[in-house]
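Peer 1: Quick one: this structure, given as structure tokens, is what I'll be asking you about.
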Amino acid sequence: MTAPIPHDILAVPAGDTPAAPAAPTQLVSTSGSAKPPFPLPAAEPTQDAGHGARFDFNSGCRVVLPEGEWHVVLRDVETDNVLFETDIGAGMVASGKKYFVPFELEIQKRGKDAEPAFIHRYDAKDREVLIQFPVGTLGDLMGWFPYAVKFQRKHGCKLTCAMSALIAPLFSRAYPEIEFVTHEQVDPKRYYATYNIGLFFDDEARVHQPCDFRQVGLHRTAGHILGVDPEEMVPEITLADDSRPIEERYVCIAVQSSTQCKYWNHPTGWREIVTFLKEAGYRVICIDQKATHGSGLVWNHIPHGAEDQTGDKPLEERARWLRHADFFVGLSSGLAWLAWACRTPVVMISGFTQENNEFATPFRVINYHACTGCWNDQRVRFDHQDFFWCPRHKDTPRQFECTRLITPEQVRRTLRRIPGFGVGSGGEAVPAAVQAASSTL
């Protein structure tokens, strides 16, 4: 055993006021609202350790002790570290780490009525476990949810996932062994353990994540938080209506995003690519939520020539279009993740993220001659409120060069590498005019 690690534990004697659980800083900002990003755990730990002592794993490891003399030891079984060991009266002990740790807890009552120690090693088999996802994040949740599935299969627990009611139907039919609830439906008194999945930008102490998400990738961070294999896994999606929306061959595109740095900022890019795809024999369907989006004097519009399927439509309808598309062309955005979940080839045009930030695709379009990867740079902090965020080159001629220097020709070359590109159902070849522009590398 190594020496105890006391800075990793909060111990509060009875009569003192423990600090409130830290509200994690996430991708989905809750600024301007007193409401925490996730439902809080039950005020009292949910598990009985005897003699009035209680414990659970609903915000890390929590122990509450009644009047008396107690000896408490907290271990990490995997690392064989003693995290904390103390003699304490009435009060509470709480681990500093809130992500998954295979804890072993030892509680012994001291004094004349002392008994053998209560020892509990974390075991979620057949126990109720809650994994909470932030609302309003389509792409993140598509990437994160498979790690919840891995957790359930690894531990054999009775898993509940809290997420947006708009997204849950995409998973609920495929995973009947998992209960899906909204944040408002969470009953925190039910659970043996709770884990919160999110992007924790300012977590320098690694309270909510064992490693920074910007290093390991947006989706793989969930694997690290939950203590499961971080290799990416495509989720299963079962649709109520899985019929093909149109008979002709088509591709889906999505051009909109939440901030300008995520757009493809080449001035003629989308117009040229839509023309190229139509000449190759495809109908081009735009499935963005918004036909127009922007801020101030900058507004981004549906590309000329694309068919308009924008609007506030159910995500299952978006998934139906994506599932039958020959491929999807878009940005590092939620609809790209949904296309990946639908097992549709994804052409991803992005420069503000590094390649390991998203799922693997052989059709990633990035130009390393430009400034790239600011999203994954821990030296800069993404500003959700600044639509024109560009931390290295804002208000200079180089602003947004990461995607502005991705040319239509580079995208066309990537499209031609998709198996079966431009070959009709009858086997007819790509039109010669479409092939000619970049027949050589």
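Rule-based calculations on the coordinates, nothing more; no lab input. Because the structure is predicted, anything quoted here is derived from the model rather than measured. Don't worry about glycine lacking a Cβ; one is built from the backbone with ideal geometry, like all the others, and counts go over all protein chains shown.
Peer 1: Starting from the Cα coordinates of region 250-425, work out the convex hull volume and express it per residue in Å³.
Peer 2: Numbers: hull volume 20.6 nm³, N = 176.
Taking the convex hull of the Cα positions in region 250-425, it is 117 Å³ per residue.
Peer 1: Now a separate question. If the only charges are +1 at each Lys and Arg Cβ and -1 at each Asp and Glu Cβ, what is the size of the charge dipole of region 128-226 around the Cα centre, to the nearest 20 debye?
Peer 2: Working: 10 positive and 10 negative charges, 82 e Å.
Taking the Cα centre of region 128-226 as origin, the dipole is about 400 debye.
Peer 1: Could you size up the charge dipole of region 250-425 around its Cα centre, putting +1 on the beta carbon of Lys and Arg and -1 on that of Asp and Glu, and report it in debye to the nearest 20? All intermediate terms of the calculation are to be shown ahead of the outcome.
Peer 2: Working: 21 positive and 17 negative charges, 66 e Å.
The calculated dipole for region 250-425 is roughly 320 debye.
Peer 1: Only Lys, Arg, Asp and Glu count, each charged at its Cβ (+1, +1, -1, -1), so figure out the dipole size of the chain about its Cα centre, rounded to 20 debye.
Peer 2: Numbers: 45 positive and 54 negative charges, 244 e Å.
Result for the chain is approximately 1180 debye, rounded to the nearest 20.
Peer 1: Which one, [x] 25.4, 79; [y] 25.4, 93; [z] 22.2, 66, gives Rg and Dmax of the Cα atoms in Å as derived from the coordinates shown?
Peer 2: Checked against the structure: label [y].
Peer 1: Once amide H atoms are placed 1.01 Å from N in the peptide plane, what residues at a sequence separation of 5 or more from Glu128, or on another chain, have their amide H within under 5 Å of its amide H?
Peer 2: Residues meeting the criterion, in which the H sits 1.01 Å from N, are Lys158, Tyr192.
Peer 1: How high is the FRET efficiency between Asp187 and His393 when r is their beta carbon distance and R₀ equals 60 Å, given to the nearest 0.05? Mind showing how you got there, number by number?
Peer 2: Numbers: r = 49 Å, r/R0 = 0.81.
That pair, Asp187 with His393, gives E of 0.80.
Peer 1: Just list whichever of Lys262/Lys313; Lys125/Lys313; Lys109/Lys189; Lys35/Lys150; Lys97/Lys158 have alpha carbons separated by over 32 Å in the model shown. Can you show the working numbers first?
Peer 2: On the way: Lys262/Lys313 22 Å; Lys125/Lys313 39 Å; Lys109/Lys189 25 Å; Lys35/Lys150 30 Å; Lys97/Lys158 23 Å.
Flagged as over cut-off: Lys125/Lys313.
Peer 1: A further question follows. Got a sec? Charge dipole of the chain, +1 on Cβ for Lys and Arg, -1 for Asp and Glu; which of Ala124, Thr221, Phe359 is way out at the positive end?
Peer 2: It is Phe359.
Peer 1: I'd like the Karplus ³J(HN,Hα) series for region 319-333: coefficients 6.51, -1.76, 1.60, θ = phi - 60°, whole numbers in Hz, and an x wherever there's a Gly or Pro.
Peer 2: Whole-Hz 3J(HN,Hα) from phi for region 319-333: 5, 5, 5, 5, 4, 9, 6, 5, 6, 10, 10, x, 10, 7, 9.
Peer 1: Of Tyr175, Tyr192, Tyr99, which has the largest mean-square fluctuation in a 10 Å C-alpha GNM of the chain?
Peer 2: In this elastic network of the chain, the residue with the biggest mean-square fluctuation among Tyr175, Tyr192, Tyr99 is Tyr175.
Peer 1: To continue, here is another question. Set the Förster radius R0 to 35 Å, insert the Cβ-Cβ distance between Leu40 and Arg110 as r into 1/(1 + (r/R0)^6), and round the FRET efficiency to 0.05.
Peer 2: Numbers: r = 32 Å, r/R0 = 0.91.
For Leu40 and Arg110, the calculated efficiency is 0.65.
Peer 1: What percent does the relative contact order of the chain come to when contacts are Cα pairs within less than 8 Å and at least six residues apart?
Peer 2: Numbers: 894 pairs, mean separation 57.3, N = 441.
Normalised by residue count, the contact order of the chain is 13 percent.
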